[in-house]
Amino acid sequence: MKQNNSIALIATLLSICTQGQVINEKLLTGKIIANAKPAAGVHVLNIVNEKETVSDSLGVFNIMAKPDDLLVFTAPNLEIHRQSIDEENMHQKRLDIEMFIKAIELQVVYVNAHPEINARALGIIPKNQKVVTPAQRGRYSQPNGPLQAIKIMITGKNPALDNALKVERNIAALNRLDGIFQDKYYVETLKIDKDYIKGFQYYCIEDAEFSSSLKSNNKWKLMFRIVKLAEIYNEMNASQ
């Protein structure tokens, strides 16, 4: 009987502590400044409660937080900023955040320095459209028949089936990605033109690190990686 009472007491205390943490949460209002100007489209994430928001055209944002929470601020053109929330912040009328513009490092331009950037990555050519070399064109132009069947049996490889599976995987990845980031995030935060959102999504799922994070549903890693990919993608579009 004493053991049951102890368990009940512990459960009650844990419940009270959990409720206390939620009660301590408060809607914080803040303003983000970069280069002495309001920073719009900055993604704000509370690592502890996983709440997120985006700053408006005046750099203002609102987010639920409590003492000891960690806010992370990210934008393609700004350095990442982390803000630990304390008791003083909780009583401030407004939380002022200063962010800094990323330094632009000039690089020597080499022809084909980024082979991963091509018409397919840009969305000009659909991902599921087959593109073959002249040598491959000659091979695929041969009629399918007994010899082709024998080759598949020997090698265990079926090019048509492999391509179909890849298309299915890409479609599944795009569906998962659509459920994570909305079009507003691509346009306002990542600065991706609305007409190029689908092409950028294709570009992202071809990235090994991004694809791995997407499969594991690690939104934290996805957020950091997609910002980097957006920088490369926008630089490439600007050079066209």
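The values are calculated or read from the model by the stated rules, or taken from the named source; none is laboratory data. Treat the numbers as computed from the prediction; the structure is a model and nothing was measured. Here the Cβ positions follow ideal geometry from the backbone for every residue, glycine too, while neighbour counts run over all protein chains shown. What goes into the accessible areas is simple: the full protein's heavy atoms, side chains included, and nothing from ligands, DNA or RNA. Shrake-Rupley method; radii C 1.70, N 1.55, O 1.52, S 1.80 Å.
Quick notes
- Matching residues in the range 43-56 - criterion: being out of contact with any helix residue (DSSP H, G or I) (no Cβ under 7 Å at 6 or more places or on another chain), closer than 18 Å to Lys191 by Cα and of a type in the set (A, V, I, L, M): Val44
- Every residue from the range 56-73 that is among the small types (Gly, Ala, Ser) and touching an Asp or Glu at 6+ places or on another chain (Cβ under 9 Å): Ala65
- In the range 180-214, the residues that are without any contact (Cβ under 8 Å) to a residue 40 or more places away in the chain and small (Gly, Ala, Ser): Ala208, Ser211, Ser212, Ser213
One line per residue, one yes/no per condition, for (1) modelled with pLDDT of 95 or more; (2) open to solvent by 90 Å² or more (accessible area, probe 1.4 Å); (3) closer than 30 Å to Leu229 by Cβ; (4) more than 22 Å from the chain's Cα centre (by Cα):
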residue: Leu13; (1), (2), (3), (4): no, yes, no, yes
residue: Ile16; (1), (2), (3), (4): no, yes, no, yes
residue: Val22; (1), (2), (3), (4): no, yes, no, yes
residue: Lys31; (1), (2), (3), (4): yes, no, yes, yes
residue: Pro67; (1), (2), (3), (4): no, no, no, yes
residue: Thr74; (1), (2), (3), (4): no, no, yes, no
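- Restricting Ile205, Ile232, Ile192 to residues that are open to solvent by less than 10 Å² (accessible area, probe 1.4 Å) and of a type in the set (Val, Ile, Thr) narrows the list to Ile192.
- Taking the range 208-223 as the range and being exposed (fewer than 15 other Cβ atoms within 10 Å of the Cβ) and of a type in the set (A, V, I, L, M, F, W, C) as the test, the residues that pass are Ala208, Trp220.
- Flag if Leu177 is of a type outside the set (Asp, Glu), without any contact (Cβ under 8 Å) to a residue 40 or more places away in the chain and assigned to a helix (DSSP H, G or I): yes
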